[in-house]
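Read-outs: derived from the displayed coordinates by stated rules, not from any lab. Keep in mind the model is a prediction, meaning the values are calculated, not measured. For neighbour counting, all protein chains shown are included, and Cβ atoms are generated from backbone atoms with ideal geometry for every residue, glycine included.
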Amino acid sequence: MTRLPLCCAPLQHHWPLPRPIPGAVLVSCPFDPAALAADDFQRAAIPQTASLQRSVAKRKAEYLAGRVCARAALQRLDGRDYIPGTRDDRAPIWPAGISGSITHGTGWAAAVVAHSHDCQGIGIDQESLLSHERAERLAGEILTTAELQRLDPAQLGFGVSLTFSLKESLFKALYPIVQQRFYFEHAEIVEWSSDGFARLRLLTELSAEWHHGRELEGQFVLNGDQLLSLVST
């Protein structure tokens with residue numbers, strides 16, 4: 001029988017974003033790296049990779065919390081007991097026929113899963129809001145020229161944070177499908193609204209289906225200084 005690691009608070013089975021995705025399950029978990037116990041991986045029956053064994057407590061706790069959420073989400077989805085492994089490119093290994101994504105930020109982790117026939121790809125990302133000063137430094141790396149022109153200077157920190165997070169979610173949703181990397185300049189946020197919805201557009205050719213100009217919907221929610229975004233196909 002598996003137990004919850006001491007570094008993890010009780011799991012939350014909920015949908016914190018504006019619009020549920022039919023067939024998708026999201027599980028989240030607050031966690032505290034300072035509370036990580038030496039036997040927490042054994043307690044949760046989650047194996048450690050060799051590189052993880054050499055990692056600091058923060059990295060161990062966020063990995064552990066993310067995998068605990070992923071296992072619980074899969075159990076709720078269809079009853080299977082499965083812990084995603086890790087590919088050489090650090091992407092989670094999901095079972096055949098499953099789309100999924102894991103995120104972890106400051107003291108909080110989450111996983112979302114769905115059957116591939118319900119959702120071809122799904123990506124979730126959590127970020128702490130950037131300060132105005134840091135957003136100024138990073139804006140040129142994250143935003144396209146068109147995005148910079150549309151950006152409201154009064155919302156610089158939020159706008160850059162949102163663009164970063166949505167593009168991370170987009171990558172997580174599409175990379176397992178197209179199996180090729182793409183970067184910040186290869187997509188743009190066309191528009192977003194205060195009720196938590198956004199529209200993204202690809203600016204590169206990833207495949208015949210995922211081509212330049214293809215648009216996708218995204219959604220997001222802000223809780224304090226923590227921003228959560230999701231893109232699904």
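Of note:
- Projected-area mean, region 12-119, by convex hull of Cα positions, square nanometres: 7.0
- Rounded D (µm²/s) - region 49-181, Kirkwood Rh over Cα pairs, Stokes-Einstein at 37 °C, 0.692 mPa s: 201
- Principal-axis tilt of helix 156-178 within the chain, Cα atoms, nearest 10 degrees: 70
- Folded to 0 to 90 degrees: helix 132-142 orientation relative to the chain principal axis, Cα: 80
- Here the relative contact order of the chain, from alpha carbon pairs under 8 Å that lie six or more residues apart, stands at 18 percent.
- More than 16 Å apart - percent of Cα-Cα pairs taken over region 106-176: 54
- Kirkwood hydrodynamic radius (C-alpha pairs) into Stokes-Einstein, the chain, 20 °C and 1.002 mPa s, D in µm²/s: 117
- Relative protection proxy for 66-74, 186-194, from highest mean packing down: 66-74, 186-194 (other beta-carbon atoms within 10 angstrom).
- Extension gain for Ser193 to Thr145 (0.36 nm times residue separation, less C-alpha to C-alpha distance): 15.3 nm.
- 10 Å-binned pair-distance histogram of region 119-233 (Cα, whole percent): 15, 50, 29, 5
- Fluctuation leader among Glu62, Glu185, Glu127 - the chain, Gaussian network, Cα springs under 10 angstrom: Glu185
- Ordering of 160-169, 16-25, 144-153 by packing is 160-169, 16-25, 144-153, highest average first (other Cβ atoms within 10 Å, averaged per residue).
- Residue among Leu203, Leu52, Leu36 with the largest mean-square fluctuation in a Gaussian network model of the chain, springs linking Cα atoms under 10 Å: Leu52
- Distance between the C-alpha centres of region 139-184 and region 24-88: 27 Å, rounded to the whole angstrom.
- Rounded to the nearest 10 degrees, the angle from helix 57-78 to the longest Cα principal axis of the chain is 90 degrees.
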